[in-house]
Amino acid sequence: MIKVGILDSTLREGEQTPGVIFTVDQRVEIAKALSDLGVSMIEAGHPAVSPDIYEGIKRIVKLKKEGIITSEIVGHSRAVKRDIEIAAELEVNRIAIFYGVSDLHLKAKHKATREEALRTIAETISYAKNHGVKVRFTAEDGSRTDFDFLVTVSKTARDAGADRVSIADTVGILYPSKTKELFSALTREVPNLEFDIHAHNDLGLAVANALAAIEGGATIIHATVNGLGERVGIVPLQQIAAAIKYHFGIEVVKLDKLQYVSSLVEKYSGIPMPPNYPITGDYAFLHKAGVHVAGVLNDPRTYEFMPPETFGRTRDYTIDKYTGKHALRDKYEKLGVKISDAEMDQILAKIKSNTTIRFYRDVDLLELAEEVTGRVLKPRPPE
Ligand code: AKG
């Protein structure tokens, strides 16, 4: 039986997108929207980074205490006592401590041996636990870490008091079968510990890896709204939520609220949503070719994996040279215009001969119908 929840890191990993900065008010509004959406955990920021992040977390924690926000609030921290103290004084529910554990990170960043790393991990987790908070440890660059050492790191974190370990695919190089194998082996080798996956999207495989991690036993998936994050970001919340619903039948968040949260973060992040973005992009439920539109008009399941209403959206189709008769008839019916079969053939021939028009608007279709039928169809201003 699969058990899975979402940690949303829009306010931490998401703000690490180049050029993205959230104000304190925006942070609070996003956190409220995420809680309404139903994410299990909100990673609200790394408070040691700057005063505005500190202030944002303070206000988010206050809303949590008042019961307005219901998700667990996570404060982010390096494996450094001062960072932990700053997060602890904010009274977050959980502190997430990260430390690079691959040999590359140990050598190039921490200048530490494996033994020194294990000591730092154990000491900082115990230090955080002594402040009365839950602790997650993140094995940064976990996907490039020697497996036996990753097991030792996980056991060390667990024995020091962490109830969760996040395996970070920091440079996004995992692929699904390897991910499932990794999480299956970790959950087998390290009992009494829950695992998260933090999957970067450098190869475009983050969602696939997150699904594979669930199959391997991960119980929390890190995601950001619109897939924000360092470089090309991490698992997009809207995609993983839809995929978990489709493949596992579990509604990890309120799917019909995804569009609103996506638009909110689009506005505040300044990163525009491409129209062809899954689930929340303008074209996600917009059909084009004649064969597709005819299929959808008969039974939408022919070209939709789930109905748009699930996501609070509606279906539509475009008119251009790819259009067929079914779509055109449906369009004119919706416009309240009666067109004979012969007239319809003439209109379609005109559309197909005009190969440079990308989208026919309703007004263009009325004009075409006027040309062919000789009747007045467009509303005219009063004389
Ligand atoms: C990463 O490795 O990409 C991280 O963001 C590590 C920090 C974390 O997930 O806690």
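The table for this structure:
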item: Meets criteria (surrounded by 20 or more Cβ atoms within 10 Å (Cβ to Cβ), modelled with pLDDT of 95 or more and acidic (D, E)) for D202; result: no
item: Breaking point among (1) within 16 Å of the ligand (Cβ to nearest atom); (2) touching a Leu at 6+ places or on another chain (Cβ under 7 Å); (3) under 21 Å from P272 (Cα atoms), for E43; result: (3)
item: Complete set of residues in segment 249-272 that are of a type outside the set (D, E, K, R), farther than 11 Å from G312 by Cβ and surrounded by 16 or more Cβ atoms within 10 Å (Cβ to Cβ); result: V252, V253, L264, V265, Y268, S269, I271
item: Tally, over segment 221-233, of residues that are within 11 Å of the ligand (Cβ to nearest atom) and either farther than 13 Å from L11 by Cβ or in a loop (DSSP other than H, G, I, E, B) (or both); result: 4
item: Test: F311 is exposed (fewer than 11 other Cβ atoms within 10 Å of the Cβ) and either under 20 Å from N276 (Cβ atoms) or hydrophobic (A, V, I, L, M, F, W, C) (or both); result: no
item: Test: residue in segment 102-125 that is at pLDDT 95 or above, within 16 Å of the ligand (Cβ to nearest atom) and either at positive phi or under 26 Å from the mean Cα position of the chain (by Cα) (or both); result: no
item: Residues that are under 8 Å from the mean Cα position of the chain (by Cα), farther than 16 Å from E266 by Cβ and more than 15 Å from the ligand (Cβ to nearest atom), drawn from segment 234-245; result: I240, A241
item: Count - residues of segment 66-93 that are under 26 Å from the mean Cα position of the chain (by Cα) and surrounded by fewer than 21 Cβ atoms within 10 Å (Cβ to Cβ); result: 6
item: So S177, is it within 12 Å of the ligand (Cβ to nearest atom), outside any loop (DSSP other than H, G, I, E, B) and modelled with pLDDT of 95 or more; result: no
item: Among residues of segment 49-97, those that are of a type in the set (D, E, K, R) and either within 16 Å of the ligand (Cβ to nearest atom) or touching a Cys at 6+ places or on another chain (Cβ under 9 Å) (or both), counted; result: 4
item: Enumerated helices (runs of 4 or more DSSP H) restricted to segment 1-109, each holding at least 3 residues that are in contact with a strand residue (DSSP E or B) (Cβ under 6 Å, 6 or more places away or on another chain); result: 51-65, 81-89
item: Count - residues of segment 146-173 that are within 16 Å of the ligand (Cβ to nearest atom) and out of contact with any strand residue (DSSP E or B) (no Cβ under 7 Å at 6 or more places or on another chain); result: 1
item: Candidates D282, D256, D202, filtered to the one that is over 10 Å from the mean Cα position of the chain (by Cα), over 12 Å from I6 (Cα atoms) and assigned to a helix (DSSP H, G or I); result: D256
item: Criterion: modelled with pLDDT of 95 or more, out of contact with any helix residue (DSSP H, G or I) (no Cβ under 9 Å at 6 or more places or on another chain) and either surrounded by 17 or more Cβ atoms within 10 Å (Cβ to Cβ) or more than 18 Å from E140 (Cβ to Cβ) (or both) - qualifying residue of I220, I197, I214; result: I220
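The values are calculated or read from the model by the stated rules, or taken from the named source; none is laboratory data. Note that the structure is a prediction, hence the values are computed from the model and not measured. Cβ sites come from the backbone with ideal geometry, for glycine too, and all protein chains shown count toward neighbours.
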